[in-house]
Every structure is written in structure tokens, then in C-alpha cells.
Amino acid sequence: MSNKIEPCSNEAFPDHLKYLLVESKFLHLATSNPDTNVPSLSMMHYLYVPQGSTYEFNDSNLIILLTSKKTTKFQNISANKHVSVLVHDWMLAGKETESGSDNFSNLLKQLNQQELQRNISASINGEAFILDNEAEINFYQNLMKEQDPESMTYKCDSYAVVKIKITTVKTIDEKNNVTVFK
């Protein structure tokens, strides 16, 4: 087991972490009520927006998600911006290869995926903000529609766009090696 500390910028993220954040579709979001200290955990559909692709120039790596304003998570984020997120490659590890491809192509694709994935989990801490700037809301909604149209199925009558600024990431691989990005 080894522990390393790296900077928390998109350039410092290794390829397997970027792959995990881009290709995974679901995360587990932990929020907490500051008055009762009662945590709440939700599985959420999300979009990862790397540094340099964000609405605001000075934003670093972001996680964008939609939530109903009638949820506990919305109330918790409104009162306490500190959140934790777990992203794990539940689906990617079992991805099937395309039918009709030759066996050699399938083998190469599987080797590439194994090298990129490295079977990691990412535990992320961040600050969550309920967006109220219409231009920024529209920017992220359009980005979600372009990059992941399925994410817009979570849009309801009374919803909010949540922006999570990633402050730290801790990755843990199958050999229990830990790397921290701050």
C-alpha cells in the first residue's frame, strides 16, 4: 500500500481517473443537515466538467447534477455546501464488446479499458452550490443535453442545477494504493 499527494487539477489527474469521471454515469452523493448532523446519501446521475470547459473561467473541475427542490439533498445543500461523493466503476468493468467486431479488436479494446480503468474508486470532497444565474444554468443544461441527453430525464417541474466544485479526490485501487489530489 502506498500514499501519494498530488495537485487537484485536471492536468494532474491520471488517465484512469479522468476515464472514470467521464465514463461513469452515477455517483453516490452524501450531504448533511448542519442542525442535526444527520447525513443523507443519494445515488445521482451526473456530468463531469473538467477544468477549462466550465462556464466560469476560474472554476476548476466540476460535477454537475439535477435535483428536485423537494428533496432532502436540496435542503441539506442549501444549508451546508460541504458534500462527499463516491464514484466507482460498477458498470464499466463489465462492459461487453461490440458484436460483429473481430476477436483481435475485442482483445485490444479490453486491454485498453483494463489499462485505463485500473479498477479504482474515487472518493471526492467538494463544495456544492445551487445555481441561480440563468446563463450558467442554461450553459450546464445545454452541456448535459449535448454530452449526456439521458441526464435530462431527471429534470422535473421544480428542479435545481447543482454545481459541485471538487476540492479533494482520493483514489483507491485494487491493491489498496491511495493517491490524494488536493
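What follows is calculated from the coordinates using simple rules that are stated; it is not laboratory data. This is a predicted model, so every value here is computed, not measured. No Cβ is skipped: glycine too gets one built from the backbone with ideal geometry, and neighbour counts run over all protein chains shown.
Points worth noting:
- Across the cross-link table entries 145/170; 25/69; 73/165; 145/182, which are compared at the Cα atoms, the separations over 26 Å belong to 145/170; 145/182.
- FRET efficiency for the pair residue 71 and residue 142, taken as 1/(1 + (r/R0)^6) with r the Cβ-Cβ distance and R0 = 22 Å, rounds to 0.40.
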